[in-house]
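> Below are the structure tokens for one structure; questions will follow.
The values are calculated or read from the model by the stated rules, or taken from the named source; none is laboratory data. Quick caveat, the model's predicted, so the values are computed rather than measured. For neighbour counting, all protein chains shown are included, and Cβ atoms are generated from backbone atoms with ideal geometry for every residue, glycine included.
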Amino acid sequence: MIRIANGQGFWGDSPDAPLEQVRRGPIDYLTLDYLAEVTMSILQKQRSRDPEAGYARDFVEVVDRVLPDLVSKNVRLVANAGGLNPEACRRAVLEVAKRQGLNVPVATVSGDDITGRIEELLARGVEFRNMDTGEPLATIRDRVRSASVYFGAFPIAQALDGGARIVITGRCADAALVLGPMIHEFGWKAADWDRLAAGIVAGHAIECGAQGSGGNCQDDWATIPALEDIGYPIVEASPDGSFVVTKHAGTGGRVTVASVTEQLVYEIGDPRAYLTPDCGADFTSFRLEQEDPERVRCTGVRGNPATPTYKVSISYAAGYRAIGSVAYAWPDAYKKAQAGARILKERVARLGLEFDAIHSELLGANACHGIAAAEPSPELAAQLPEVVLRFGVRSKSRAAVERFTKEIAPLVLSGPPSVTGLGAGRPKVEEVMAYWPALIPKSEVSPVVSL
């Protein structure tokens with residue numbers, strides 16, 4: 001049995017969680033998941049300004065803090081913090097190790113960044129059709145900012161086989177960070193569909209950090225203990241594919257069948273065929289059982305053969321946006337916010353500019369539920385002590401969005417009363433990056449493992 005702990009659910013998660021996972025109990029592997037689809041476009045912007053950028057810099061700070069414990073406790077680290085520049089990330093990590101006087105073999109998994117190969121691949125007949133709309137990439141080719149292939153777990157296992165104590169990947173399937181160590185430790189093969197699928201389910205159970213151990217949990221959430229000291233999830237994996245989801249003793253949060261189930265149904269698409277680069281996993285096949293307090297056992301996972309394609313995450317420029325807010329106070333806060341939204345829409349319309357979208361929402365009334373929100377009763381609306389009007393526009397024209405930003409502040413003195421501006425100054429114009437999911441034949445791209 002091996003213990004694999006996840007200490008990062010996204011870039012921006014708790015900087016202390018990795019250290020807590022290593023120090024508060026025995027583990028064999030620490031995984032850190034930094035990448036989301038939008039993250040890749042952010043990293044591309046950074047790399048375009050600095051060739052040594054393009055990776056999650058927070059990761060290097062984490063390594064600086066946790067490395068002595070990793071070495072003394074013989075814990076291996078697997079992270080996708082390499083983003084679009086795994087080699088630069090490795091250089092930064094090795095500099096940390098050198099400064100601390102530690103000799104740590106560090107491997108990278110690269111080859112996933114195909115941004116510079118788009119023209120070549122298009123010429124070879126790879127259309128990169130949008131998986132949602134069917135459109136070919138040619139329709140937005142001139143606006144593409146990044147393109148990354150989701151690799152699987154076998155390159156990670158190869159790096160571990162080679163003696164790496166730290167493995168830094170670029171874009172890979174989130175669950176591959178957990179499956180890779182299992183393949184390395186248990187010797188699973190490429191056609192062991194059921195066991196590989198079990199590793200995928202295990203990885204998916206903990207990939208979002210504390211969301212798998214009671215955080216963001218709807219099941220009787222008010223009774224979940226000590227969320228201020230929540231324990232991040234750990235998988236105890238066995239060679240037969242069965243595993244237990246748990247957390248360190250003495251930590252807050254909760255690991256129950258309900259909390260684990262909530263995480264497992266997150267972003268899976270077809271539950272009978274959750275597709276990854278290594279296999280498909282049938283999420284209707286397995287059984288979850290409350291083995292003990294804070295221990296949920298999973299057995300019976302069934303897998304499907306891998307597809308002949310990789311998924312590709314492509315980001316492209318989709319115009320500009322700006323969002324501003326003002327707050328209205330009682331009495332009649334709801335009515336004032338409604339009037340403020342109407343006034344802004346009419347003033348924006350008078351500008352005569354092209355906007356792709358104009359959106360308003362009332363925080364305290366309908367912001368969370370959008371069009372599904374019920375209109376508050378007159379009695380409830382009258383009791384609301386304050387309502388925040390949040391108003392934004394999106395356009396292909398930066399000039400149009402810039403002009404809109406000058407309309408929020410005047411509303412304070414030229415609209416309904418009892419209002420205050422929120423934030424500092426005018427709203428900031430931001431570039432909008434959109435997501436284009438596509439497929440590529442596995443024969444067209446290969447992972448590169450370097451130790």
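> What are the residue pairs meeting all of these: first residue in region 279-295, first residue farther than 13 Å from I200 by Cα and not assigned by TED's automatic domain parsing to the domain that holds C172, second residue part of a loop (DSSP other than H, G, I, E, B) and not acidic (D, E), Cβ atoms under 8 Å, and 6 or more apart or on different chains?
Listed pairs, sorted by first residue: none to list.
> Select from region 44-58 the residues that are without any contact (Cβ under 8 Å) to a residue 40 or more places away in the chain and either small (G, A, S) or part of a helix (DSSP H, G or I) (or both) and list them in ascending order.
Passing the criteria: Q46, R47, S48, R49, A53, G54, R57.
> Further, regarding this structure: Considering every residue within region 263-278, establish whether at least one is part of a helix (DSSP H, G or I), in contact with a helix residue (DSSP H, G or I) (Cβ under 7 Å, 6 or more places away or on another chain), surrounded by 14 or more Cβ atoms within 10 Å (Cβ to Cβ) and of a type outside the set (V, I, T). I'd like the intermediate steps shown before the answer.
Residues of region 263-278 that are part of a helix (DSSP H, G or I), as a first pass: 263-264.
Add one more test, that the residue is in contact with a helix residue (DSSP H, G or I) (Cβ under 7 Å, 6 or more places away or on another chain), and what stays is 263-264.
Next cut, surrounded by 14 or more Cβ atoms within 10 Å (Cβ to Cβ) only: 263-264.
Adding the requirement that they be of a type outside the set (V, I, T) leaves 263-264.
For region 263-278, residues part of a helix (DSSP H, G or I), in contact with a helix residue (DSSP H, G or I) (Cβ under 7 Å, 6 or more places away or on another chain), surrounded by 14 or more Cβ atoms within 10 Å (Cβ to Cβ) and of a type outside the set (V, I, T): present.
> OK, next. Does V235 satisfy being at pLDDT 95 or above, assigned by TED's automatic domain parsing to the domain that holds N6, in a loop (DSSP other than H, G, I, E, B) and of a type in the set (A, V, I, L, M, F, W, C)? Break it down stepwise before answering.
Numbers: at pLDDT 95 or above: yes; assigned by TED's automatic domain parsing to the domain that holds N6: yes; in a loop (DSSP other than H, G, I, E, B): no; of a type in the set (A, V, I, L, M, F, W, C): yes.
Taking the combined requirement at face value, the residue does not satisfy it.
> Another question, then. Collect the residues in region 1-35 that are surrounded by fewer than 16 Cβ atoms within 10 Å (Cβ to Cβ) and of a type in the set (G, A, S), keeping them in residue-number order.
Within region 1-35, G12, S14 meet the criteria.
> Would region 315-324 turn up any residue that is of a type in the set (S, T, Y), modelled with pLDDT of 95 or more and out of contact with any strand residue (DSSP E or B) (no Cβ under 7 Å at 6 or more places or on another chain)?
Within region 315-324, none of the residues are of a type in the set (S, T, Y), modelled with pLDDT of 95 or more and out of contact with any strand residue (DSSP E or B) (no Cβ under 7 Å at 6 or more places or on another chain).
> Separate question: Please specify each residue of region 275-317 satisfying the condition of being of a type in the set (S, T, Y) and farther than 24 Å from A191 by Cβ. It would help to see each step written out before you state the result.
Quick first cut of region 275-317, residues of a type in the set (S, T, Y) only: 276, 284-285, 299, 307, 309-310, 313, 315-316.
Residues satisfying the conditions are S313, S315, Y316.
> G352 versus (1) at positive phi; (2) surrounded by 16 or more Cβ atoms within 10 Å (Cβ to Cβ): which is the lone unmet condition?
(2)
> Scan region 22-43 for residues that are over 20 Å from the mean Cα position of the chain (by Cα) and either without any contact (Cβ under 8 Å) to a residue 60 or more places away in the chain or over 18 Å from L160 (Cβ atoms) (or both) and jot them down. So that I can check it myself, show each step before the final result.
At the first step, the residues of region 22-43 found to be over 20 Å from the mean Cα position of the chain (by Cα) are 22-29.
Matches in region 22-43: V22, R23, R24, G25, P26.
> Next question, about the same structure. Check Y320, Y310 and return the single one that is closer than 25 Å to R171 by Cβ, of a type outside the set (K, R) and either assigned by TED's automatic domain parsing to the domain that holds G364 or out of contact with any His (no Cβ under 6 Å at 6 or more places or on another chain) (or both). Write out each step before concluding.
On the way: Y320 fails: closer than 25 Å to R171 by Cβ.
Residue meeting the stated conditions: Y310.
> Return the total of residues in region 18-43 being in contact with a helix residue (DSSP H, G or I) (Cβ under 7 Å, 6 or more places away or on another chain) and either outside any loop (DSSP other than H, G, I, E, B) or not assigned by TED's automatic domain parsing to the domain that holds P181 (or both).
Initially, region 18-43 is screened for residues in contact with a helix residue (DSSP H, G or I) (Cβ under 7 Å, 6 or more places away or on another chain), giving 18-19, 22-23, 27, 29-34.
Filter once more, keeping what is either outside any loop (DSSP other than H, G, I, E, B) or not assigned by TED's automatic domain parsing to the domain that holds P181 (or both): 18-19, 22-23, 29-32.
Adding up the residues that qualify gives 8.
> Taking region 394-433 as the search range and keeping residues that are in contact with a helix residue (DSSP H, G or I) (Cβ under 8 Å, 6 or more places away or on another chain) and of a type in the set (A, V, I, L, M, F, W, C), which one is farthest from W330 (Cα to Cα)?
M433
> Just to confirm my filter: which strands (runs of 3 or more DSSP E) fall fully inside region 286-382 and include at least 3 residues that are among the aliphatic types (A, V, I, L, M)?
309-329, 357-363
> Would you be able to say whether some residue in region 94-106 is of a type outside the set (A, V, I, L, M, F, W, C), outside the structural domain of A202 (by TED's automatic domain parsing) and touching a Lys or Arg at 6+ places or on another chain (Cβ under 9 Å)?
Here is the first cut: in region 94-106, the residues of a type outside the set (A, V, I, L, M, F, W, C) are 95, 98-101, 103, 105.
When the remaining residues are screened for being outside the structural domain of A202 (by TED's automatic domain parsing), the result is none.
Looking for residues that are of a type outside the set (A, V, I, L, M, F, W, C), outside the structural domain of A202 (by TED's automatic domain parsing) and touching a Lys or Arg at 6+ places or on another chain (Cβ under 9 Å), one finds none in region 94-106, hence no.
> Report every pair of residues separated by at least 6 positions or lying on different chains whose Cβ atoms are under 7 Å apart, first residue within region 407-436 and under 11 Å from G340 (Cα atoms), second surrounded by 14 or more Cβ atoms within 10 Å (Cβ to Cβ) and hydroxyl-bearing (S, T, Y).
P416/Y328; V419/Y328
> From the list A222, A202, pick out the single residue that is under 27 Å from I156 (Cβ atoms) and either in a loop (DSSP other than H, G, I, E, B) or assigned by TED's automatic domain parsing to the domain that holds V178 (or both). Break it down stepwise before answering.
Working: A222 fails: under 27 Å from I156 (Cβ atoms).
Only one candidate qualifies: A202.
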